[in-house]
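These notes are about the structure you will find just below.
The values are calculated or read from the model by the stated rules, or taken from the named source; none is laboratory data. Keep in mind that what you see is a predicted model, and the values were worked out from it rather than measured. So basically every Cβ, Gly included, is an ideal-geometry build from the backbone, and we count neighbours across all protein chains shown. Ligands, DNA and RNA are excluded from the accessible area calculation, which covers all protein heavy atoms including side chains. Shrake-Rupley method; radii C 1.70, N 1.55, O 1.52, S 1.80 Å.
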Amino acid sequence: MTATAPPVNDRPDRAPAGDERLLGSSPLRKLLGRPELGAVVGALAVFLFFAVVADSFLRASSFGTVLYAASTIGIMAVPVALLMIGGEFDLSAGVMVTSSALISSMFSYQMTANVWVGVLVSLLVTLALGAFNGVMLTRTKLPSFIITLGTFLMLTGLNLGLTKLISGTVSTKTIGDMEGFSSARKLFASQLTIGDVDLKVTILWWAALVALATWILLRTRFGNWIFAAGGNADAARAVGVPVRKTKIALYMGVAFCAWVSGQHLLFSFDVVQSGEGVGNELIYIIAAVIGGCLITGGYGSAIGSAVGAFIFGMTSKGIVYAEWNPDWFKFFLGAMLLLATLLNAWVRKRAEASR
(Lines give C-alpha, C1' and ligand atoms only; values in the text may rest on other atoms or scores of the structure.)
Protein backbone atom coordinates (compact mmCIF):
# COMPACT_ATOMS: atom_id res chain seq x y z
CA MET A 1 0.00 0.00 0.00
CA THR A 2 1.31 3.42 -0.88
CA ALA A 3 0.57 6.60 0.97
CA THR A 4 -0.22 9.77 -0.86
CA ALA A 5 1.17 12.95 0.60
CA PRO A 6 -1.32 15.74 1.15
CA PRO A 7 -1.20 18.47 -1.47
CA VAL A 8 1.20 21.26 -0.66
CA ASN A 9 -0.19 24.75 -0.58
CA ASP A 10 2.47 26.62 -2.53
CA ARG A 11 0.57 29.87 -1.94
CA PRO A 12 0.47 30.32 1.84
CA ASP A 13 -1.39 33.59 1.43
CA ARG A 14 -4.29 31.78 -0.26
CA ALA A 15 -6.76 29.75 1.81
CA PRO A 16 -7.40 26.12 0.76
CA ALA A 17 -10.21 25.74 -1.72
CA GLY A 18 -13.50 24.60 -0.27
CA ASP A 19 -13.31 26.44 3.03
CA GLU A 20 -15.28 29.60 2.43
CA ARG A 21 -14.70 30.79 6.00
CA LEU A 22 -11.03 31.33 5.23
CA LEU A 23 -11.46 33.07 1.91
CA GLY A 24 -10.31 36.67 1.91
CA SER A 25 -12.58 39.44 0.79
CA SER A 26 -11.46 41.15 -2.40
CA PRO A 27 -11.09 44.95 -2.45
CA LEU A 28 -13.95 45.20 -4.95
CA ARG A 29 -16.23 43.16 -2.71
CA LYS A 30 -15.35 45.34 0.27
CA LEU A 31 -16.02 48.46 -1.80
CA LEU A 32 -19.41 47.20 -2.96
CA GLY A 33 -20.30 46.42 0.62
CA ARG A 34 -19.76 49.99 1.84
CA PRO A 35 -23.08 51.76 2.54
CA GLU A 36 -21.73 55.15 1.48
CA LEU A 37 -20.62 54.04 -2.01
CA GLY A 38 -23.80 55.26 -3.69
CA ALA A 39 -23.55 58.62 -1.93
CA VAL A 40 -19.93 59.08 -3.04
CA VAL A 41 -20.89 58.40 -6.65
CA GLY A 42 -23.77 60.85 -6.31
CA ALA A 43 -21.52 63.50 -4.75
CA LEU A 44 -19.06 63.21 -7.64
CA ALA A 45 -21.90 63.59 -10.12
CA VAL A 46 -23.26 66.69 -8.35
CA PHE A 47 -19.78 68.22 -8.11
CA LEU A 48 -19.06 67.71 -11.81
CA PHE A 49 -22.49 69.02 -12.76
CA PHE A 50 -22.14 72.32 -10.92
CA ALA A 51 -18.48 72.64 -11.91
CA VAL A 52 -19.70 72.73 -15.53
CA VAL A 53 -22.81 74.93 -15.17
CA ALA A 54 -21.48 77.40 -12.55
CA ASP A 55 -18.09 79.05 -13.09
CA SER A 56 -17.84 80.43 -9.56
CA PHE A 57 -18.51 77.01 -8.03
CA LEU A 58 -14.82 76.03 -8.30
CA ARG A 59 -13.48 79.13 -6.56
CA ALA A 60 -11.67 78.60 -3.27
CA SER A 61 -14.00 81.00 -1.45
CA SER A 62 -16.99 79.06 -2.73
CA PHE A 63 -15.56 75.86 -1.27
CA GLY A 64 -15.68 77.32 2.24
CA THR A 65 -19.29 78.41 1.73
CA VAL A 66 -20.30 74.94 0.52
CA LEU A 67 -18.58 73.28 3.48
CA TYR A 68 -20.33 75.61 5.91
CA ALA A 69 -23.74 74.84 4.43
CA ALA A 70 -22.93 71.13 4.61
CA SER A 71 -21.67 71.33 8.20
CA THR A 72 -24.86 72.94 9.54
CA ILE A 73 -26.75 69.92 8.25
CA GLY A 74 -23.97 67.39 8.83
CA ILE A 75 -23.68 68.04 12.57
CA MET A 76 -27.24 66.78 12.97
CA ALA A 77 -27.11 64.19 10.18
CA VAL A 78 -24.44 62.21 12.07
CA PRO A 79 -26.51 61.36 15.19
CA VAL A 80 -29.66 60.98 13.07
CA ALA A 81 -27.78 58.40 10.96
CA LEU A 82 -26.74 56.47 14.09
CA LEU A 83 -30.32 56.59 15.32
CA MET A 84 -31.58 55.27 11.97
CA ILE A 85 -29.01 52.47 12.05
CA GLY A 86 -30.46 51.68 15.46
CA GLY A 87 -33.89 51.39 13.82
CA GLU A 88 -35.52 54.65 14.98
CA PHE A 89 -36.39 58.19 13.85
CA ASP A 90 -36.45 61.60 15.53
CA LEU A 91 -38.88 64.10 14.03
CA SER A 92 -38.19 66.58 16.83
CA ALA A 93 -34.53 67.10 15.92
CA GLY A 94 -35.11 70.28 13.92
CA VAL A 95 -37.10 72.21 16.52
CA MET A 96 -34.88 70.85 19.31
CA VAL A 97 -32.03 72.87 17.80
CA THR A 98 -34.11 76.02 18.15
CA SER A 99 -35.23 75.03 21.67
CA SER A 100 -31.64 74.71 22.85
CA ALA A 101 -30.79 78.15 21.47
CA LEU A 102 -33.88 79.74 23.04
CA ILE A 103 -33.11 78.22 26.44
CA SER A 104 -29.54 79.54 26.42
CA SER A 105 -30.59 83.00 25.35
CA MET A 106 -33.63 83.52 27.57
CA PHE A 107 -32.11 81.98 30.69
CA SER A 108 -29.01 84.14 30.36
CA TYR A 109 -31.00 87.31 29.71
CA GLN A 110 -33.72 86.82 32.34
CA MET A 111 -31.35 85.66 35.07
CA THR A 112 -28.73 88.29 34.13
CA ALA A 113 -26.20 85.51 34.46
CA ASN A 114 -23.01 84.77 32.62
CA VAL A 115 -23.81 83.45 29.15
CA TRP A 116 -22.05 80.18 29.97
CA VAL A 117 -24.61 79.51 32.70
CA GLY A 118 -27.35 79.62 30.10
CA VAL A 119 -25.31 77.39 27.79
CA LEU A 120 -24.90 74.78 30.54
CA VAL A 121 -28.59 74.88 31.48
CA SER A 122 -29.46 74.47 27.82
CA LEU A 123 -27.23 71.40 27.60
CA LEU A 124 -28.91 69.75 30.60
CA VAL A 125 -32.44 70.52 29.37
CA THR A 126 -31.70 69.40 25.81
CA LEU A 127 -30.20 66.11 27.00
CA ALA A 128 -33.30 65.63 29.16
CA LEU A 129 -35.46 66.07 26.05
CA GLY A 130 -33.46 63.38 24.27
CA ALA A 131 -33.78 61.07 27.26
CA PHE A 132 -37.53 61.75 27.31
CA ASN A 133 -37.84 60.59 23.70
CA GLY A 134 -35.83 57.46 24.39
CA VAL A 135 -37.65 56.53 27.60
CA MET A 136 -41.08 57.13 26.09
CA LEU A 137 -40.15 54.97 23.11
CA THR A 138 -38.84 52.06 25.15
CA ARG A 139 -41.55 52.20 27.83
CA THR A 140 -44.63 52.63 25.63
CA LYS A 141 -43.44 50.48 22.68
CA LEU A 142 -45.07 53.03 20.37
CA PRO A 143 -43.39 53.75 17.02
CA SER A 144 -40.69 56.41 17.15
CA PHE A 145 -42.63 58.28 14.47
CA ILE A 146 -45.51 58.86 16.91
CA ILE A 147 -43.35 59.62 19.95
CA THR A 148 -41.10 62.17 18.25
CA LEU A 149 -43.96 63.71 16.28
CA GLY A 150 -45.62 64.45 19.63
CA THR A 151 -42.36 65.96 20.93
CA PHE A 152 -42.04 67.98 17.74
CA LEU A 153 -45.49 69.50 18.18
CA MET A 154 -44.97 70.21 21.88
CA LEU A 155 -41.60 71.89 21.32
CA THR A 156 -42.96 73.93 18.42
CA GLY A 157 -45.71 75.27 20.68
CA LEU A 158 -43.39 75.83 23.63
CA ASN A 159 -40.81 77.65 21.52
CA LEU A 160 -43.38 80.14 20.28
CA GLY A 161 -45.53 80.40 23.40
CA LEU A 162 -42.75 80.83 25.97
CA THR A 163 -40.76 83.22 23.78
CA LYS A 164 -43.79 85.52 23.37
CA LEU A 165 -44.61 85.20 27.07
CA ILE A 166 -41.11 86.06 28.28
CA SER A 167 -39.82 88.39 25.56
CA GLY A 168 -43.08 89.84 24.30
CA THR A 169 -42.13 89.04 20.70
CA VAL A 170 -41.37 85.96 18.60
CA SER A 171 -37.61 86.48 18.99
CA THR A 172 -35.24 86.64 21.95
CA LYS A 173 -33.56 89.73 23.32
CA THR A 174 -29.96 90.46 22.40
CA ILE A 175 -27.29 89.03 24.70
CA GLY A 176 -24.29 90.27 22.72
CA ASP A 177 -23.16 92.61 25.51
CA MET A 178 -23.31 89.99 28.27
CA GLU A 179 -20.31 88.47 30.01
CA GLY A 180 -19.02 85.32 28.36
CA PHE A 181 -20.62 86.01 24.97
CA SER A 182 -17.33 86.52 23.12
CA SER A 183 -15.73 83.35 24.47
CA ALA A 184 -18.85 81.32 23.68
CA ARG A 185 -18.88 82.73 20.15
CA LYS A 186 -15.29 81.57 19.67
CA LEU A 187 -16.29 78.01 20.51
CA PHE A 188 -19.56 77.82 18.61
CA ALA A 189 -19.52 80.46 15.86
CA SER A 190 -15.96 81.58 15.07
CA GLN A 191 -14.11 81.14 11.81
CA LEU A 192 -10.54 80.75 10.64
CA THR A 193 -9.04 81.79 7.33
CA ILE A 194 -6.70 79.53 5.36
CA GLY A 195 -5.51 81.30 2.23
CA ASP A 196 -8.63 82.55 0.46
CA VAL A 197 -10.92 80.11 2.25
CA ASP A 198 -12.95 81.09 5.31
CA LEU A 199 -13.79 78.04 7.39
CA LYS A 200 -16.46 78.18 10.08
CA VAL A 201 -15.85 76.34 13.34
CA THR A 202 -18.92 74.20 12.60
CA ILE A 203 -16.82 72.41 9.98
CA LEU A 204 -14.43 71.29 12.74
CA TRP A 205 -17.35 70.21 14.94
CA TRP A 206 -18.75 68.25 12.01
CA ALA A 207 -15.45 66.52 11.22
CA ALA A 208 -14.92 65.61 14.88
CA LEU A 209 -18.43 64.16 15.19
CA VAL A 210 -18.04 62.10 12.01
CA ALA A 211 -14.71 60.71 13.25
CA LEU A 212 -16.15 59.92 16.69
CA ALA A 213 -19.28 58.28 15.28
CA THR A 214 -17.25 56.20 12.81
CA TRP A 215 -14.98 54.99 15.61
CA ILE A 216 -18.00 54.10 17.75
CA LEU A 217 -19.68 52.14 14.95
CA LEU A 218 -16.63 50.24 13.77
CA ARG A 219 -14.43 49.86 16.86
CA THR A 220 -16.60 49.65 19.95
CA ARG A 221 -19.06 47.26 21.54
CA PHE A 222 -21.65 50.02 21.59
CA GLY A 223 -21.38 50.21 17.79
CA ASN A 224 -22.20 46.51 17.58
CA TRP A 225 -25.18 47.11 19.84
CA ILE A 226 -26.45 49.86 17.50
CA PHE A 227 -26.35 47.57 14.45
CA ALA A 228 -27.89 44.71 16.41
CA ALA A 229 -30.71 46.82 17.85
CA GLY A 230 -31.56 48.17 14.42
CA GLY A 231 -31.28 44.86 12.61
CA ASN A 232 -33.44 42.75 14.95
CA ALA A 233 -34.19 44.11 18.40
CA ASP A 234 -35.69 40.86 19.73
CA ALA A 235 -32.72 38.78 18.60
CA ALA A 236 -30.37 41.40 20.06
CA ARG A 237 -32.09 41.16 23.45
CA ALA A 238 -31.83 37.39 23.32
CA VAL A 239 -28.02 37.58 23.11
CA GLY A 240 -27.69 40.16 25.87
CA VAL A 241 -27.67 43.47 23.99
CA PRO A 242 -29.08 46.28 26.20
CA VAL A 243 -31.45 47.52 23.50
CA ARG A 244 -33.34 49.90 25.78
CA LYS A 245 -30.23 51.69 27.03
CA THR A 246 -28.76 51.75 23.53
CA LYS A 247 -31.78 53.54 22.07
CA ILE A 248 -31.99 56.02 24.92
CA ALA A 249 -28.30 56.83 24.43
CA LEU A 250 -28.86 57.34 20.70
CA TYR A 251 -31.66 59.83 21.35
CA MET A 252 -29.44 61.66 23.82
CA GLY A 253 -26.76 61.76 21.13
CA VAL A 254 -29.22 63.51 18.82
CA ALA A 255 -30.02 65.93 21.65
CA PHE A 256 -26.34 66.72 22.26
CA CYS A 257 -25.77 67.58 18.61
CA ALA A 258 -28.97 69.64 18.63
CA TRP A 259 -27.45 71.58 21.53
CA VAL A 260 -24.24 72.20 19.53
CA SER A 261 -26.23 73.38 16.51
CA GLY A 262 -28.45 75.54 18.70
CA GLN A 263 -25.49 77.31 20.30
CA HIS A 264 -24.08 77.98 16.85
CA LEU A 265 -27.42 79.45 15.81
CA LEU A 266 -27.53 81.70 18.87
CA PHE A 267 -23.94 82.94 18.85
CA SER A 268 -23.89 83.52 15.11
CA PHE A 269 -26.83 85.93 15.10
CA ASP A 270 -27.14 87.01 18.78
CA VAL A 271 -30.93 86.57 18.69
CA VAL A 272 -33.10 83.57 17.83
CA GLN A 273 -36.45 83.43 16.04
CA SER A 274 -38.77 81.01 17.83
CA GLY A 275 -40.21 79.57 14.61
CA GLU A 276 -36.91 78.37 13.17
CA GLY A 277 -36.02 74.72 12.68
CA VAL A 278 -39.39 73.42 11.51
CA GLY A 279 -38.80 71.08 8.57
CA ASN A 280 -35.07 70.67 9.12
CA GLU A 281 -35.60 67.22 10.64
CA LEU A 282 -36.56 65.94 7.19
CA ILE A 283 -33.33 67.32 5.72
CA TYR A 284 -31.30 65.49 8.38
CA ILE A 285 -33.09 62.25 7.55
CA ILE A 286 -32.63 62.84 3.82
CA ALA A 287 -28.88 63.35 4.30
CA ALA A 288 -28.66 60.07 6.24
CA VAL A 289 -30.70 58.16 3.64
CA ILE A 290 -28.67 59.58 0.75
CA GLY A 291 -25.60 58.47 2.70
CA GLY A 292 -26.77 54.86 2.68
CA CYS A 293 -28.80 54.43 5.87
CA LEU A 294 -31.77 52.12 5.53
CA ILE A 295 -35.15 53.28 6.82
CA THR A 296 -35.61 49.78 8.23
CA GLY A 297 -32.45 50.10 10.36
CA GLY A 298 -29.37 47.94 10.84
CA TYR A 299 -27.36 49.41 7.94
CA GLY A 300 -25.51 52.65 7.27
CA SER A 301 -22.49 54.71 8.25
CA ALA A 302 -21.54 58.08 9.71
CA ILE A 303 -19.30 58.81 6.73
CA GLY A 304 -22.26 58.26 4.45
CA SER A 305 -24.28 60.86 6.35
CA ALA A 306 -21.38 63.31 5.92
CA VAL A 307 -21.38 62.69 2.16
CA GLY A 308 -25.16 63.18 2.12
CA ALA A 309 -24.78 66.50 3.94
CA PHE A 310 -22.03 67.51 1.51
CA ILE A 311 -24.40 66.82 -1.40
CA PHE A 312 -26.92 69.07 0.32
CA GLY A 313 -24.31 71.82 0.65
CA MET A 314 -23.21 71.55 -2.98
CA THR A 315 -26.79 71.58 -4.23
CA SER A 316 -27.99 74.52 -2.11
CA LYS A 317 -25.02 76.72 -3.00
CA GLY A 318 -24.49 75.39 -6.52
CA ILE A 319 -27.95 76.61 -7.51
CA VAL A 320 -27.03 80.07 -6.22
CA TYR A 321 -23.70 80.10 -8.05
CA ALA A 322 -25.42 78.97 -11.24
CA GLU A 323 -27.83 81.92 -10.78
CA TRP A 324 -30.89 79.72 -10.96
CA ASN A 325 -34.17 80.26 -9.21
CA PRO A 326 -33.67 78.87 -5.66
CA ASP A 327 -37.23 77.53 -5.79
CA TRP A 328 -35.74 74.57 -7.69
CA PHE A 329 -33.65 73.50 -4.71
CA LYS A 330 -36.25 71.17 -3.20
CA PHE A 331 -36.74 69.56 -6.61
CA PHE A 332 -33.03 68.74 -6.90
CA LEU A 333 -32.92 67.54 -3.29
CA GLY A 334 -35.86 65.19 -3.91
CA ALA A 335 -34.31 63.91 -7.12
CA MET A 336 -31.03 63.25 -5.34
CA LEU A 337 -32.89 61.36 -2.61
CA LEU A 338 -34.58 59.06 -5.12
CA LEU A 339 -31.47 58.52 -7.23
CA ALA A 340 -29.24 57.86 -4.23
CA THR A 341 -31.74 55.43 -2.73
CA LEU A 342 -32.02 53.50 -6.00
CA LEU A 343 -28.25 53.46 -6.40
CA ASN A 344 -27.75 52.28 -2.81
CA ALA A 345 -30.27 49.48 -3.37
CA TRP A 346 -28.46 48.39 -6.54
CA VAL A 347 -25.09 48.46 -4.75
CA ARG A 348 -26.45 46.31 -1.91
CA LYS A 349 -27.81 43.74 -4.34
CA ARG A 350 -24.47 43.54 -6.13
CA ALA A 351 -22.64 43.22 -2.82
CA GLU A 352 -24.94 40.41 -1.65
CA ALA A 353 -24.66 38.62 -5.01
CA SER A 354 -20.85 38.70 -4.87
CA ARG A 355 -20.67 36.96 -1.47
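Couple of notes before you dig in:
- Normalising the average separation of contacting C-alpha pairs (under 8 angstrom, six or more residues apart) by the number of residues puts the relative contact order of the chain at 35 percent.
- Here is the size of the chain from its Cα atoms: Rg then Dmax, 23.3, 103 Å.
- Counting only the Cα atoms, segment 165-274 fills a convex hull of 165 Å³ per residue.
- Length-normalised contact order for segment 249-355 - Cα pairs under 8 Å, 6+ apart - percent: 19
- With every protein chain in place, the chain: carbon and sulfur % of accessible area (1.4 Å): 66
- Label-to-label distance for L282 and A211 is 3.5 nm, based on points extended 7 Å past Cα in the beta-carbon direction.
- Approximate spin-label separation D55-K164, in nm, with each point projected 7 Å along Cα-to-Cβ: 4.9
- Rounded to the nearest 10 degrees, the angle from helix 302-321 to the longest Cα principal axis of the chain is 60 degrees.
- Contact order normalised by residue count of segment 100-249, Cα under 8 Å, 6+ apart, percent: 21
- Under 23 Å from K164, Cα to Cα: lysines that are on another chain or at least 8 residues apart: K173
- Principal-axis tilt of helix 201-219 within the chain, Cα atoms, nearest 10 degrees: 30
- Seen against the Cα atoms of the chain and their longest principal axis, helix 243-269 is set at about 40 degrees.
- Total charge dipole magnitude, the chain, about the Cα centre, Cβ charges on Lys, Arg, Asp, Glu only, Debye to nearest 20: 960
- Charge-dipole axis of the chain as Lys and Arg at +1 and Asp and Glu at -1 on Cβ define it, positive-most pick from G86, T148, G42: G86
- Electrostatic dipole magnitude of segment 234-319 [Cβ: Lys, Arg +1; Asp, Glu -1; Cα centre; debye, to 20]: 340
- Label separation (D234 vs A131): 3.1 nm, computed from points 7 Å beyond Cα along the C-beta direction.
- Size of charge dipole - segment 100-242 - debye, nearest 20, with Cβ of Lys, Arg +1 and Asp, Glu -1, no other charges: 400
- The calculated 222 nm mean residue ellipticity attributable to helices in the chain amounts to -23500 deg cm²/dmol, summing -39500 (n - 2.57) over DSSP H runs of n ≥ 4 and dividing by all residues.
- For a straight C-alpha distance cut-off of 22 angstrom, the lysines reachable from K141 (same-chain residues fewer than eight places away being disregarded) are K245, K247.
- Restricting segment 119-222 to trypsin sites (Lys or Arg not before Pro) in coil, as DSSP defines it, with at most 12 other Cβ within 10 Å: K141
- Options P242, L338, A101, ranked by Cα towards positive dipole end of the chain, top entry (Cβ charges): P242
- Translational diffusion of segment 61-120, estimated by Stokes-Einstein from the Kirkwood radius over alpha carbon pairs at 10 °C in a medium of 1.306 mPa s, is 115 µm² per second.
- Here's the picture: charge each Lys and Arg Cβ at +1 and each Asp and Glu Cβ at -1 in segment 170-226, and of F222, A208, A184 the one pushed furthest to the positive end of that dipole is F222.
- Filtered GluC sites (Glu not before Pro), segment 261-339: DSSP coil and at most 16 other beta carbons within 10 Å: E323
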